[in-house]
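Just so you know, all these numbers are worked out from the coordinates, no wet-lab data involved. Just so you know, these numbers come straight off a predicted model, no measurement behind them. Note that we place each Cβ from the backbone using ideal geometry, even for glycine, and neighbour counts take in every protein chain shown.
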Amino acid sequence: MRKKYKIIILIIVFTFSSMIIPSHNFSIKKVELGKRYGGNTPHYSGETVFNKEWLKNNDFSTQDNWFSEKGGQGDNTTVDASISSGQANYKVIGENNTFEVLAGQANSSTWFGWGIYNNSDFLLPDVAEINATGGYVYHYLDESENGGAGQVHNFPSVHFRKNVSLPEDISDYNIINASLEVIFNATVESTVDAPGDTVGQSAIWDSATFYVEIADLNLSYSFRVGENKTTTLGQDSPSILNITDRELTYVSENDLITALNLALDKDPSHSDFTIILGIDIYCEDNDFPDLDEWSALIFKSFNLTFSYERNVDKFSSVSWNQIGNQITGSNIQVTNANLTFKYKIDQNWTTALSPYSEIRILINNNLHPETVRLSTALTTFQDAKVDGFDVTNLILKNVNITISIQVFIANTFELGQNITISIDDIFLNITYVETFSDFETQAYLFLNNENKTSDPFIQLPIENNLNITIKFLDNQTLTHISGATVQLEGKLSGNLNENTSLGLYSIIVNTTNLGIGLWFLNIRSQKNNYVSKLIPFYINVIERPTDFKIFVDSEEKTTNNTVKIKSNEFMNISVIYKDNSSKKHLTGANVSLSGIGDFSESNEQFNFTLNSNSLGLGFFVLTIIAQLQNYTTQTFQLFVEVFKIATEFKLLINGTQKFENDVIQMEVFEYINLTAFYLDNNSKNHLSGAAITILSIGNFSEIGNQYNFSLDSRDLSLGFNVITINAQLDTYETQTIQFFIEIFERDSDIQLLVNNIQTNASNIIQVEVNQFLNLTLFYNDNLTKLNLPGASVELINWGNFTEISNQYNYTVDTNDLEQRITILTVQAQLINYKSQAIQFYVKVVERETEIQLYVNSVQTNESDVVKIELNQFLNVTLIYKDNLTKLSIPGAIVQLIGWGNLSEINNQYNFTIDTNDLDQRITILTVRAQLTNYKSQSIRFYVEVFERSSKIQLFLNSEDKTIDPVFELPIRSNLNVTLRFSDNVSGFHIYNASVFLEGTSILLNLTEDLSFMQYTFNIDTTILNIGVNLMKITAYKPNFVIQDINLRITINKIGTEISTVSGDSYISINPGQIANLRIILNDTDFGGTIKGAIVTYTWAYGQGNLTDLNDDGIYEAVLENIPVGVYSITISASGVDDYNFGNYKITLSVNQPVTPSGQTWLVYLLITAIVGASGGFAAYQLHFKYPPLIRKIRKLRKKIKKGRKSKPLFLSNRVETINNALKTQTKILDLVISKIEDKNPNKIEKL
């Protein structure tokens, strides 16, 4: 065993030394072993290559093997699949419908469904009907009627309305074009006044406005899409008393489509809207009494036509699929998989439709990264990819290979007709290799004929031969593998020779070729079609072992290395140093006595003569070293005592003489008397004053002619004790004697009482929980029967007994025991006494319990249903009692299963649940109470949670628009969108909600402002379209009702005002003078002047440009040589984006000079009076002549025409006004009239 430890230590030493001294490359070879050695690693020698077409029915000649499947996203009603004509088809379903609303010719069947309605609270004309001419209106104003009461007939209005239903839900479609044709005509009498007529007073003149509006069924919003206001109808000279068939002036096609979309969006079914044909008559008070007769105002025909196409939603998909066979086997490797197919489309797929839609390849639901864009498809079949798709990494083993060719729609677009994509000639060619492992083998290593396979290590001296033998066997037949290549690798290398008769391979090497050290070598055995074997092993080459013997005065001292010698005597030391194997003398070895001198060599031994006087008196250690290269060094220590006088030593134990190595037996607590005699060997006299010692115990006492010592057995250990006695005195010979004492334990016994009842081994004690077991143990000396105090008495795995009055006690709480039979063992032990143990059994019975459950202080029984809303709390209280004592059981584990533990407070257990943590459905909750040694209880109940209601408030630029989410502002301004999202019950702000605004081209997240408890976002209106922008705000948070609100944001061009620098639109000059036109363009929305515009003027003599020469925003032009007369000059502006420019008229008067006279002041006075009278008359005619109510209506109507909102007004009932008999009653009018989007005054034809 010691030799093996030395070898292990030697290996460790050599291993570490190899890290420092790399001469043998041992560390490198060890690393190579880890890399190269694979005892059971298979090396493949054979393989079969398979190349197979994996799909069937590649040309879709039948319906077999293939199946179609639609995806789970998008609207998959817009896609379909079929197989026909030897190809697989994907159909993207489009639809184009045209809808017409025709009034046609008057009194035809197409006028069906039209009705006559009041326009809000405006009075109807005298006659409003649908007759043979169409939508017909007649009105006669007699201002003097009923003493002036006829004044209320100045503003009649009528609506011809028709509700329209589409056959489809238009939300699935997109209107792509729309057209409108409305024909009207008009006939009036000459009493109708137009500009240029001779009347008593005038300002606005009489007019009739024909218009068409589109609205939702509830008429909450209306959109004017066509209009014509008469201007010259009724003119006296030249006489214009009728308008022949003529069309209205319409908004743009885009605005018409927007109006239709807005109206349809308001309808829950997205299919119904209302058409309004309106006629407004305005009779100005031009004379008194003023008579205006409108003979016939007629809508002759109405035609609305629009087309819409089906929306194809993004993420829609459809695929053709085939489930193929599996590739099975353990040694299978897929080396190549190539997919090819052809595709085409029946019409070009333009990128404008959906640029990222594509054909996808999926294998076992794994998407191949390469796709084919539909925009690349031709109308004839083409290869999807030249040389096919490499899908090797998608091919899985041991599962059915499922291929899917999918058409995927990436973007939403409208499609008016079906598009068919087709594929054909689809092939999946898979190449895989099945490999066959080599025949398994076994290899066994023999070193010098010893099997070292499991312990590949051998230690040899240098200059020794090593026979290395390998048995290389077939693992199945266990027969010799002939013709293999078996090589030795490492410091020594070479091929092993085969001995076929013995069935082995061998080689002999000499350790001299290695040198001293630890060497790592390999044996590699290999042959084609067989698993190669690599066996590493170690050779520890050591020095040659030597044989060493020493003689002192011809007495061998190799084993007994102690020598006694008197002073002044000679000691002859001889050493024999040989090769241990050959037993040959090692000539030339160096043998020395350390510190003294070298031995001399003669007669095949080494000699040295030493005089004891050279050492002196006492004990000496002489070290002899023998060494020779490649041989094991021998070191020997010789102990030499040099004395003057010899001595004699005798030992008596209890009076009996004892000798070297004698054995004495005794029990504990006994004593023995030791007597020693230390004498002069010549005179036999007692040697007084000597030191006689029992090693590690004590010193003898000298009494008379002897030395004595009393030995207590308790000072010794149980069992065998080695006793060594040493005697010495100055120059006398030292004496030593060694003997043995065996110590035995004393016998003992025990008695166990449980609850004062004697209990023997294997007795069973039955007890309930919450009780105590009192254990009492008596531990006695078996001989004296006396109690043994200070013993260690233990209830194994529980604790130590307490010693009280000659007994040992321990108390067991049965709550600490499990509810089953428990084995208890009591053990008593004391030093020098035999230990005792007794084992018995305790059976503990579980206690009965009961529970009561309260939810929000209401007792709840098994399977009860508790109903509660979100944002509330459920307080769960459980009382867990001892069924016998009815007392609460503390310290129990009470769980709400899946939620957590209930807290124990005041003899009950509590848990609070936030209902926000529950799903909005019925949740099953289970409460379970348990405590060791008590019977567990559980109760199950149900909680039904309802979603909390919420509400929102919308503010646009700080204006509350919750009820009326319509807003109008100029482009380049900022729109602040603020939303308050709150709990409908508590009114508290809902934190961390998801609030976003989405429109046609925007998607914005509103930011939460905690300081104001709201969500807000600022929108730069430049990202919106000019005109109507439809947007939707959605507020969402889990456990609250989702709220949304639709916005209609109208972005107008920036308002402008054209005027002269002086602000005067009248220029008066004399003949020969020049007219200097100085125009300024003002931004009426944001302030400031507008530079860089193109400003032109038009007048009777042509047109020209005004230029801003000083870049100060003042546009100037000069008119020269102007004949006498009055001229109207129209100023127009353009060329600056986002501005809405109108026209500005300047009156230029070139007057013939008046000869000055003494009455000039009179002329000026007269002119002033005339102008003042005219202004007063105009003010009266335009404003003050009307009663206050009429003035309010006129003001309101003017605001409506300008598209402005008005405050609610209280209007008197017109019958009460006429009769002046009834008390005035009021009601609130909230007039919401939408102006024409992107209104351009130049589009309205002036008549």
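What to note about this one:
- When the inverse distances between all different Cα atoms of region 762-845 are averaged and flipped, the Kirkwood radius reads 13.6 angstrom.
- Approximate shape of region 557-600 as ellipsoid semi-axes (Cα gyration tensor, √5λ), whole Å, largest first: 25, 15, 8
- When you filter the trypsin sites (Lys or Arg not before Pro) in region 654-726 for DSSP loop state and at most 12 other Cβ atoms inside 10 Å of their Cβ, you are left with Lys684.
- For the chain, with +1 on Lys and Arg beta carbons and -1 on Asp and Glu, the positive-most of Phe1012, Ser144, Ile468 along the dipole: Ile468
- At 0.890 mPa s and 25 °C, Stokes D of region 751-797 from Kirkwood alpha-carbon radius, µm² per second: 194 µm²/s
- Fraction in percent of alpha-carbon pairs per bin - 10 Å, region 789-910: 10, 27, 20, 17, 14, 9, 4, 1
- Using θ = phi - 60° and Karplus 6.51 cos²θ - 1.76 cosθ + 1.60, couplings along region 1108-1124 (whole Hz; Gly, Pro as x): 9, 5, 9, 6, 10, x, 10, 9, 10, 8, 10, 10, 10, 6, 9, x, 5
- The trypsin sites (Lys or Arg not before Pro) of region 567-627 that DSSP puts in a loop, and whose beta carbon has at most 11 other beta carbons within 10 Å, are Lys583, Lys584.
- Rounded to the nearest 20, the Cβ-based charge dipole of the chain about its Cα centre (Lys and Arg +1, Asp and Glu -1) stands at 2520 debye.
- Rounded to 5, the percent of DSSP beta bridges in the chain classed as antiparallel: 90 percent
- Taking 0.692 mPa s as the viscosity and 37 °C as the temperature, the Stokes-Einstein diffusion coefficient of region 647-744 based on its alpha-carbon Kirkwood radius rounds to 238 µm²/s.
- A simple rule links phi to the HN-Hα coupling: the Karplus curve 6.51 cos²θ - 1.76 cosθ + 1.60 with θ = phi - 60°, which for region 693-698 gives 10, 8, 4, 6, 10, x Hz, with x for Gly and Pro.
- Cα-Cα over 30 Å, subset of Lys314/Lys1053; Lys452/Lys527; Lys70/Lys951: Lys314/Lys1053; Lys70/Lys951
- Calculated FRET value between Ile879 and Asn770, using beta carbons and R₀ = 22 Å, to 0.05: 0.70
- Largest first, the extents of the alpha carbon coordinates of region 326-409 on the three principal axes equal 51, 22, 17 Å.
- A cut-off of 5 Å between modelled amide H atoms, ignoring neighbours fewer than 5 places along the same chain, links Lys385 with Phe341.
- Annotation: aspartates and glutamates with alpha-carbon distance below 15 angstrom to Lys644 (same-chain offsets under eight excluded): Glu569, Asp680, Asp730, Glu733.
- Screening the chain for whole DSSP H helices with an alpha carbon extent of at least 24 angstrom along the helix axis and a mean Kyte-Doolittle hydropathy of at least 0.5 yields 2-20, 1160-1179.
- Above-threshold pairs, the threshold being 18 Å between Cα atoms, out of Lys266/Lys1032; Lys843/Lys886; Lys162/Lys300; Lys557/Lys650; Lys91/Lys342: Lys843/Lys886; Lys557/Lys650
- Fewest-first ordering of Trp349, Trp54 by other beta carbons within 10 Å of each residue's beta carbon gives Trp54, Trp349.
- Neighbour-count ranking [beta-carbon atoms within 10 angstrom, fewest first] of Lys342, Lys162: Lys342, Lys162
- Dimensionless Rg over Rh [region 546-643; C-alpha; Kirkwood]: 0.97
- Neighbour counts of other Cβ atoms within 10 Å put Asp255, Asp75 in the fewest-to-most order Asp75, Asp255.
- Placing a label point 7 Å from the Cα of Thr912 along the Cα-to-Cβ direction, the residues of region 854-898 whose backbone N falls under 15 Å from that point are 856-857, 871-877.
- When the chain is reduced to its Cα atoms, the Kirkwood hydrodynamic radius in Å: 48.0 Å
- Phi-derived couplings, Karplus 6.51 cos²θ - 1.76 cosθ + 1.60 at θ = phi - 60°, listed residue by residue for region 992-1002: 6, 7, 9, 10, 9, 10, 10, x, 4, 10, 9 Hz, with x used for Gly and Pro.
- Amide H within-cut-off set for Leu1106, under 5 Å, with H built and near neighbours excluded: Val1095, Thr1096, Tyr1097
- Values of log10 I(q)/I(0), in the order q = 0.10, 0.14, 0.19, 0.20 Å⁻¹, for region 849-946 under a Debye, Cα-only, solvent-free model: -0.25, -0.49, -0.85, -0.93
- Site pair Tyr991 and Ile1042 shows an inter-label distance of 2.5 nm when each label is modelled 7 Å from Cα along Cα→Cβ.
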